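Trainee: Got a structure here, written out as structure tokens. Questions coming.
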């Protein structure tokens, strides 16, 4: 990535969000400033059932991504989870095939977007394991991430994914049902709330 900003994700993240974990739901629970959630479908419907609804999901995701990231250098970020005390059980054939297929699918995602370990890892006390953070330099494009957005919308992406601006630290974090935006200023949040009033959750908690 040709950038006059931060050369590594770790440097960029620590400049903007030091002390926080680059995992969307953890960021939201940490009550970061200037957070706002928007929903992907009318009436806060969670999953698209038709092609038209999926087009709405993708259109809203693109609008939120461009508002957050622009067309500038950014980082695509996800994680792999490592259990500290994992002892592999002897699964039956069906479970083993499902696990192998899931691992192969996630590996292809990592290859598709050139995800690399960042050297950042965070311990998860509740799950007795660690999030190992992976990132790749990207720029947002209308069509480049459609497949990943579809998988996220259907809760089939196997881990949370987010994009962070390399210049401002703004974060776009889609999930099944909408997206969490973490913006640099309260004014930016207010502007997007006014722009997409119909996309707001009925309750502040999302």
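Trainee: Which order do 16, 9 fall in if you start with the one that has the fewest other Cβ atoms within 10 Å? Spell out each step's value before the answer.
Mentor: Details: 16 19, 9 23.
Fewest-to-most ranking of 16, 9: 16, 9.
Trainee: So what does the Cα-only Debye profile of region 1-79 read at q = 0.12, 0.14, 0.17, 0.22 Å⁻¹, as log10 I(q)/I(0), no solvent term?
Mentor: -0.49, -0.65, -0.89, -1.18
Trainee: If I take every Cα pair under 8 Å that is 6 or more residues apart in the chain, average their sequence separation and divide by the length, what percent do I get for the relative contact order? Show your work: numbers first, answer last.
Mentor: On the way: 317 pairs, mean separation 74.5, N = 206.
Relative CO of the chain lands at 36 percent.
Trainee: Please provide three numbers in whole Å: the alpha-carbon extents of the chain along the principal axes, with the largest listed first.
Mentor: 54, 42, 33
Trainee: If you take all C-alpha pairs in region 155-206, what percent of them are over 17 Å apart?
Mentor: Numbers: 588 of 1326 pairs.
The answer is 44 percent, as a whole percent.
Trainee: So how much slack lies between residue 26 and residue 116, counting 0.36 nm per residue of separation and subtracting their Cα-Cα distance, in nm?
Mentor: Details: separation 90, 0.36 × 90 = 32.40 nm, distance 2.11 nm.
Result: 30.3 nm gained on full extension.
Trainee: Next question, about the same structure. Can you give the convex hull volume of the alpha carbon atoms of region 124-195 per residue, in Å³?
Mentor: Numbers: hull volume 10.3 nm³, N = 72.
Measuring per residue, one finds 143 Å³ for the Cα hull of region 124-195.
A short reminder: the numbers here are calculations on the coordinates, not readings from a lab. Quick caveat, the model's predicted, so the values are computed rather than measured. Reconstructed Cβ throughout: ideal geometry from the backbone, glycine too, with neighbour counts over all protein chains shown.
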